[in-house]
């Protein structure tokens, strides 16, 4: 960055000082046109980070970005993705899923009761798509990381909105590893807790809280039976990657990391689907689940080429 010295002898408001400040500002990179936007939804305030590319209006199109489970729109992978999109002329809207919390920021507070459902994410995606439509947006690419990728997938497959023209899925979740992940983390079968939750729902107490319940990244939390089952029930639609991808009729790019220990089988599972005219697969060598450091640059280069229709 260039710097211009301003001598202490310049008085405030003097021509030399004003000229120096103008030159300094002229040499700075263009500032990010970023702002937090909010909207009301079912008694809650939803928020999102909107970044507009230079010379673009939101009506020119946007990438709507979802974070992973219990996360937020300012985590590294989301911030880096928005910056890469901005640098390549793409505006983006990175949303915070409410998870039942009014105007939520940062990671979900595990001390709060879990009453949120996975289905809520699809409804909130729809709310933000409607908001973009109100701004006159011409086309939308939906992008999600981890669980957010699966939630975006379900939205695209079920809503079939003609304004959503492309889908990018970074390290989506798989069905087969859910039990293994839960047992490794909590030392017990997810089925044990599911049985308790099913009995509670069967007794008409699905909205009542179960104490000391391990859910996602929150150990010994307060969780409703319905909330637990929305994430862990057998045949959970948000984990049915092959079933839903086979139904999608918009160009879709799945990006996997070769060293992703959380979702290690993405390439093997998605490869048979590549016969479809809509599904594409990219693998970033050496990348883990969060595409850290230069891996996210590679992933976003791949994603931007796809969004631009070059790949």
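The values are calculated or read from the model by the stated rules, or taken from the named source; none is laboratory data. All values reported here derive from a predicted model rather than from experimental measurement. Cβ placement follows ideal geometry from the backbone for every residue including glycine, while neighbour counts extend to all protein chains displayed.
Of all residues in the range 196-205, which are surrounded by 11 or more Cβ atoms within 10 Å (Cβ to Cβ) and more than 13 Å from residue 222 (Cα to Cα)? Quick ask: steps written out before the conclusion?
Start the filter on the range 196-205 by keeping residues that are surrounded by 11 or more Cβ atoms within 10 Å (Cβ to Cβ), which leaves 196-201, 205.
The answer is 196, 198, 199, 200, 201, 205.
Tell me which of these residue 149 doesn't satisfy, since it passes every other one: (1) buried (at least 20 other Cβ atoms within 10 Å of the Cβ); (2) in contact with a helix residue (DSSP H, G or I) (Cβ under 8 Å, 6 or more places away or on another chain); (3) touching a residue at least 60 places away in the same chain (Cβ under 8 Å); (4) not in a loop (DSSP other than H, G, I, E, B).
Among (1) buried (at least 20 other Cβ atoms within 10 Å of the Cβ); (2) in contact with a helix residue (DSSP H, G or I) (Cβ under 8 Å, 6 or more places away or on another chain); (3) touching a residue at least 60 places away in the same chain (Cβ under 8 Å); (4) not in a loop (DSSP other than H, G, I, E, B), the lone unmet condition for residue 149 is (2).
Within the bounds of the range 61-79, is there any residue that is at pLDDT 85 or above and more than 15 Å from residue 96 (Cα to Cα)? Lay out the reasoning, then the answer.
Going residue by residue through the range 61-79, those that are at pLDDT 85 or above are 61-79.
So of that shortlist, the ones also more than 15 Å from residue 96 (Cα to Cα) come out as 61-62.
Yes.
Give the residue, chosen from 283, 234, that is over 24 Å from residue 158 (Cα atoms) and either touching a residue at least 24 places away in the same chain (Cβ under 8 Å) or in contact with a helix residue (DSSP H, G or I) (Cβ under 7 Å, 6 or more places away or on another chain) (or both). Let's see the steps before the verdict.
Values: 234 fails: over 24 Å from residue 158 (Cα atoms).
Selected residue: 283, the only one of 283, 234 that is over 24 Å from residue 158 (Cα atoms) and either touching a residue at least 24 places away in the same chain (Cβ under 8 Å) or in contact with a helix residue (DSSP H, G or I) (Cβ under 7 Å, 6 or more places away or on another chain) (or both).
From 283, 250, which residue is at pLDDT 95 or above, over 15 Å from residue 149 (Cα atoms), assigned by TED's automatic domain parsing to the domain that holds residue 139 and surrounded by 14 or more Cβ atoms within 10 Å (Cβ to Cβ)? Give the derivation first.
Details: 250 fails: over 15 Å from residue 149 (Cα atoms).
The match here is 283.
In the set 120, 130, which member is more than 23 Å from residue 216 (Cβ to Cβ), without any contact (Cβ under 8 Å) to a residue 40 or more places away in the chain, assigned to a helix (DSSP H, G or I) and under 18 Å from the mean Cα position of the chain (by Cα)?
Details: 120 fails: more than 23 Å from residue 216 (Cβ to Cβ).
Selected residue: 130, the only one of 120, 130 that is more than 23 Å from residue 216 (Cβ to Cβ), without any contact (Cβ under 8 Å) to a residue 40 or more places away in the chain, assigned to a helix (DSSP H, G or I) and under 18 Å from the mean Cα position of the chain (by Cα).
Do we find that residue 266 is in contact (Cβ under 8 Å) with a residue 40 or more places away in the chain, closer than 25 Å to residue 307 by Cβ, assigned by TED's automatic domain parsing to the domain that holds residue 303 and crowded, with 19+ Cβ neighbours inside 10 Å in this structure? Show your work before the answer.
Numbers: in contact (Cβ under 8 Å) with a residue 40 or more places away in the chain: yes; closer than 25 Å to residue 307 by Cβ: yes; assigned by TED's automatic domain parsing to the domain that holds residue 303: yes; crowded, with 19+ Cβ neighbours inside 10 Å: yes.
Yes.
I'm trying to understand the selection: among the residues of the range 90-134, which are in contact with a strand residue (DSSP E or B) (Cβ under 9 Å, 6 or more places away or on another chain) and at pLDDT below 95?
None; the set is empty.
Which members of the range 247-259 meet the condition of being in a loop (DSSP other than H, G, I, E, B) and touching a helix residue (DSSP H, G or I) at 6+ places or on another chain (Cβ under 7 Å)? Explain how you work it out, then say what you get.
Of the range 247-259, the ones in a loop (DSSP other than H, G, I, E, B) are 247-251, 258-259.
Scanning the range 247-259 gives 247, 248, 250.
Can you report the number of residues in the range 209-246 which are assigned to a loop (DSSP other than H, G, I, E, B) and surrounded by 16 or more Cβ atoms within 10 Å (Cβ to Cβ)?
Looking only at that region, the number is 4.
Could you grab me the full set of residues in the range 52-107 that are part of a loop (DSSP other than H, G, I, E, B) and touching a helix residue (DSSP H, G or I) at 6+ places or on another chain (Cβ under 7 Å)? Can you show your working first?
Here is the first cut: in the range 52-107, the residues part of a loop (DSSP other than H, G, I, E, B) are 53-57, 61, 67-75, 88-91, 97-107.
Within the range 52-107, 53, 67, 68, 69, 88, 90, 91, 97, 98 meet the criteria.
In the range 108-121, which residue that is surrounded by 20 or more Cβ atoms within 10 Å (Cβ to Cβ) and in contact with a helix residue (DSSP H, G or I) (Cβ under 7 Å, 6 or more places away or on another chain) is farthest from residue 65 (Cα to Cα)?
114
Pick from 163, 170: which is modelled with pLDDT of 95 or more, in the same structural domain as residue 77 (by TED's automatic domain parsing), in contact with a helix residue (DSSP H, G or I) (Cβ under 8 Å, 6 or more places away or on another chain) and farther than 23 Å from residue 79 by Cβ?
Values: 170 fails: farther than 23 Å from residue 79 by Cβ.
Exactly one residue qualifies, and that residue is 163.
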